[in-house]
Every structure is written in structure tokens, then in C-alpha cells.
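Shown next, in C-alpha cells, is the structure this report addresses.
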Amino acid sequence: MSTVSFKSIDSEKELLAQSAAEYMSPAQLDFFKRKLQGLEAELRANAGETTEHLRETVLVPDPADRATIEEEHALELRTRDRERKLIKKVQQALARIESGEYGYCEETGEPIGLKRLLARPTATLSIEAQQRRELRQRQFGD
């Protein structure tokens, strides 16, 4: 196993201070890998908490209270379903880091940009490509 030596980037400020020539350098890829792994761990912990919470079934005689509890559970399940989908996107982003494709638009091949990746580390499209896709979806209902 080879070890790559580079100065670790520990903050978004440090990341944004780097030159454009360093885009998706090993240090930047390591930063995003750690960020994505942290996000995945957080999402998995949330899923575990939901499972435990839903197991704690409380029997309440009042129909209004029961309906409130059921609605809260339904909302929690919808949230976890979105998070489950996000975990899949995080795993895909981690795979793109390993393959060397991370940080580049899947449509144009252009850099996605550090600010966009900080805001949405699972992004696969540049802002321009995303806007074109959304416009097509609104026009054609894709």
C-alpha cells in the first residue's frame, strides 16, 4: 500500500484559499472524502435513531394523540427515505473520488467548482449544466 504525502486541508477557508491550479489535488480530494464519509456516518446514525424511535411504540387511548404520533412517524419515515437516497449519492460521490471523476461535470467535463461542492458535495453537474437540466425538465416534463 502506497502512502501519498500532502498537507491536509482542515477547513473550508483553507480549501477556498488554494489556487485554481490545485483543483481536485490529492489534498482537496482527501478533504471531500472526509466530508462525505462524515455525512454518510451522520445519515446512518440518524437511520439507527429512527429505527429505535419507531420500536418504542406507545399505546395511547386518545385517537387524536394516536393520529399525531402516526403523523410524526410518517414524517420521520419520509425524512429517512430522503436520507437513504442521499446515502446512495454519497457512496456514488466517494466512488467518483476513487475513480478520479469527482469534481467534474458529468455532462461537460468542466470543473464543478469548490463552492458548489462545499454546498452540495454530491453534485455531479456544474451550475450551468444543472440549470439547463432543470429548464428541460420544466419544458418537457422529463
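The values are calculated or read from the model by the stated rules, or taken from the named source; none is laboratory data. These numbers come from a predicted model, not from an experiment. Don't worry about glycine lacking a Cβ; one is built from the backbone with ideal geometry, like all the others, and counts go over all protein chains shown.
Some notes on this structure:
- Filtering region 123-139 to residues that are surrounded by fewer than 17 Cβ atoms within 10 Å (Cβ to Cβ) and touching a helix residue (DSSP H, G or I) at 6+ places or on another chain (Cβ under 8 Å) leaves only I127.
- Flag if L39 is at pLDDT 90 or above and within 23 Å of A129 (Cα to Cα): no
- Those helices (runs of 4 or more DSSP H) lying entirely in region 33-142 with at least 3 residues free of Cβ contacts under 8 Å to residues at least 12 places away in the same chain: 63-99, 127-140
- Lone qualifier among G48, G113, G109, G100 - being of a type in the set (G, A, S) and surrounded by 12 or more Cβ atoms within 10 Å (Cβ to Cβ): G113
- Hey, L15 aliphatic (A, V, I, L, M), modelled with pLDDT of 85 or more and closer than 20 Å to A95 by Cβ or not: no
- Some residue of region 75-86 being under 21 Å from A129 (Cα atoms), within 13 Å of the chain's Cα centre (by Cα) and surrounded by 12 or more Cβ atoms within 10 Å (Cβ to Cβ): yes
- Evaluated against (1) in the same structural domain as R132 (by TED's automatic domain parsing); (2) modelled with pLDDT under 85, L114 falls short on exactly one condition, (2).
- Single condition T51 does not satisfy, out of (1) modelled with pLDDT under 95; (2) touching a helix residue (DSSP H, G or I) at 6+ places or on another chain (Cβ under 6 Å): (2)
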